[in-house]
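Participant: So that we are looking at the same thing, I have put the structure below in structure tokens.
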Amino acid sequence: MNAYSPSLFPSCGSAEEGLEFPNFDGKDRVLDITERNYKKALKRYDLLCLFYHEPVPANKGLQKRFQMTELVLELTAQVLENKDIGFGMVDAQKDAKVARKLGLEEVGSLYVFKDDRVIEFDGELSSDTLVEFLLDVLEDPVEMINSAMELRAFERMEEDIRLIGYFKGEDSYYKAFQEASERFQPYIKFFATFDKSVAKHLSLKMNEVNFYEPFMEEPAILPGRPLSEMDIVEFVNQHRRATLRKLRAENMFETWEDDMDGIHIVAFAEEEDPDGYEFLEILKDVARDNTNNPELSIVWIDPDDFPLLTTYWEKTFKLDLFRPQIGVVNVTDADSVWLDMSNDEDLPTPEELEDWIEDVLSGRVNTEDDDESADDREHPDSYVTEDSSESHDPDEEEDSDD
């Protein structure tokens, strides 16, 4: 997991009654987990959230960063004080034995213990993101759909991977479905119904499970009936990388680490902006037409969801994120190539976008072409190439000029 960038709830000094954001009250709630207390902590809480960290550094700057991380956990613990969630920190050096016993492997990661499961948090370490994530983990892994209103809400969740199954009742093959759901909570949403009218609306047969890929209009039906836990787990693992997926704060590092041969096709589009909305609809059309292509996965980023990262992305990729953009990014060095849409009044058509994506997947467009001249490229007018070295330290640029 990459290094986190901790942030806190904003404080409102003069907020009206009932609208004030919490500030840390100074009370220590985060435990120092050791061999003496880790078993007691596991038994005491419904959820135990542990941050596995390097020894406290001597460097003052790194110390301040460590303190900010600790403050994020303290504020989260304060907000969730009545939710039976424990928080602790495990020192990778002092508490190495505890870490081994608990199965903590990646320093800088946050692990959540629920019953006999361990869930690794792979998102932005901020209080608001962590609070939302932990509340999701507290919920039952399967949500029931029993009414027309709940069904409408389910059908509006187009950004999420969803599974829904129709079963006779709790004492049925539903148990295998429930056990499978625990493997993916809270990252993948599982729903079930025992209601015949809901099943009819969704064209579900008894003991059948449908898998909804994000932004797809029709679900895939899991093969076989009835399904075992492993049948469901294997299907989800094979299909969880969506053709078009949205970068989210709660799993942003997991998504970024799930690259395709070292690259991501990345699209920036603000959903609330007219051009961004139109471009997103074009992306959906392309994704639906290519949903059976296992080599294609587009990561959609809405800059509005990441205000603290937008300036960094603009500087790194030399982009204007007030406009929709799509490009291919090397995950190792952030070299990138972007489809040139600057001279066109209209956005590319789905067909034009598919042609560009085909060039990316075939290797005709790639981030290793940084040093080639435009005359050497097969499509000299179609792409803008950005070398990530341009976003490095200015002193390095001066050295290279010499």
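Nothing in this text is a laboratory measurement; each read-out follows from the coordinates by a stated rule. No experiment lies behind these values; they were computed from the predicted model shown. For neighbour counting, all protein chains shown are included, and Cβ atoms are generated from backbone atoms with ideal geometry for every residue, glycine included.
Participant: Between residue 71 and residue 205, what is the label-to-label distance in nm when each label sits 7 Å out along the Cα-to-Cβ direction?
Facilitator: 5.9 nm
Participant: Using +1 on the beta carbon of Lys and Arg, -1 on that of Asp and Glu, and nothing else charged, what's the dipole of segment 41-164 about the Cα centre, debye to 20?
Facilitator: Working: 15 positive and 26 negative charges, 152 e Å.
The dipole magnitude comes to about 720 debye.
Participant: Which of 154, 167, 268 moves most in a GNM of the chain, Cα contacts under 10 Å?
Facilitator: Largest GNM mean-square fluctuation: 154.
Participant: To continue, here is another question. Say a paramagnetic label sat at a point 7 Å from the Cα of residue 254, along Cα to Cβ; which residues of segment 286-321 have their backbone N under 20 Å from it?
Facilitator: Output list for this probe position: 297-302, 305-306.
Participant: Note down the nm distance, to one decimal, between modelled labels 7 Å out along Cα→Cβ at residue 92 and at residue 346.
Facilitator: In this crude spin-label approximation the distance works out to 5.4 nm.
Participant: If I take every Cα pair under 8 Å that is 6 or more residues apart in segment 98-238, average their sequence separation and divide by the length, what percent do I get for the relative contact order? Please report the intermediate quantities before stating the final value.
Facilitator: Numbers: 176 pairs, mean separation 32.1, N = 141.
Worked out over segment 98-238, it gives 23 percent.
Participant: Same structure again: Report, please, the projected area of the chain averaged over directions, based on the convex hull of its C-alpha atoms, in nm². If you can, show how the numbers build up before the last one.
Facilitator: Values: hull surface 100.0 nm².
Average projection, Cα convex hull of the chain: 25.0 nm².
Participant: I would also like to ask the following. With the contact rule set at Cα under 8 Å and sequence spacing of 6 or more, what percent relative contact order holds for the chain? Don't skip to the answer; put the middle values down first.
Facilitator: Details: 607 pairs, mean separation 46.8, N = 402.
Result for the chain is 12 percent.
Participant: Another one. At what distance in nm do the modelled label points of residue 100 and residue 333 sit from each other, each positioned 7 Å from its Cα along Cα→Cβ?
Facilitator: Between residue 100 and residue 333, the simple spin-label model gives 3.9 nm.
Participant: Compute the length gained on full extension between residue 238 and residue 25: take 0.36 nm times their separation in residues and subtract their Cα-Cα distance, giving the result in nm to one decimal. Please report the intermediate quantities before stating the final value.
Facilitator: Details: separation 213, 0.36 × 213 = 76.68 nm, distance 4.57 nm.
Additional length available on full extension: 72.1 nm.
Participant: Quick one: dipole size for the chain, taken about the Cα centre, charges +1 on Lys/Arg Cβ and -1 on Asp/Glu Cβ, in debye to the nearest 20. Could you put the intermediate results ahead of the total?
Facilitator: Working: 40 positive and 98 negative charges, 814 e Å.
Here the size comes out at about 3900 debye.
Participant: Compute the FRET efficiency between residue 277 and residue 36 as 1/(1 + (r/R0)^6), taking r as their Cβ-Cβ distance and R0 = 45 Å, and round to the nearest 0.05.
Facilitator: On the way: r = 56 Å, r/R0 = 1.24.
Plugging the Cβ-Cβ distance into 1/(1 + (r/R0)^6) gives 0.20.
Participant: Per-residue HN-Hα couplings for segment 122-133, Karplus 6.51 cos²θ - 1.76 cosθ + 1.60 at θ = phi - 60°, whole Hz, x for Gly and Pro?
Facilitator: These are the phi-based 3J(HN,Hα) values: 10, x, 5, 7, 10, 4, 5, 5, 5, 4, 4, 4 Hz.
Participant: Considering only 275, 289, 25, give the residue with the highest GNM mean-square fluctuation for the chain, with springs between Cα atoms whenever their separation is below 10 Å.
Facilitator: Residue with maximal mean-square fluctuation among 275, 289, 25: 25.
Participant: Still on this structure: Given springs between every Cα pair under 10 Å in a Gaussian network model of the chain, which of 162, 241, 323 has the largest fluctuation?
Facilitator: Between 162, 241, 323, it is 323 that shows the largest mean-square fluctuation.
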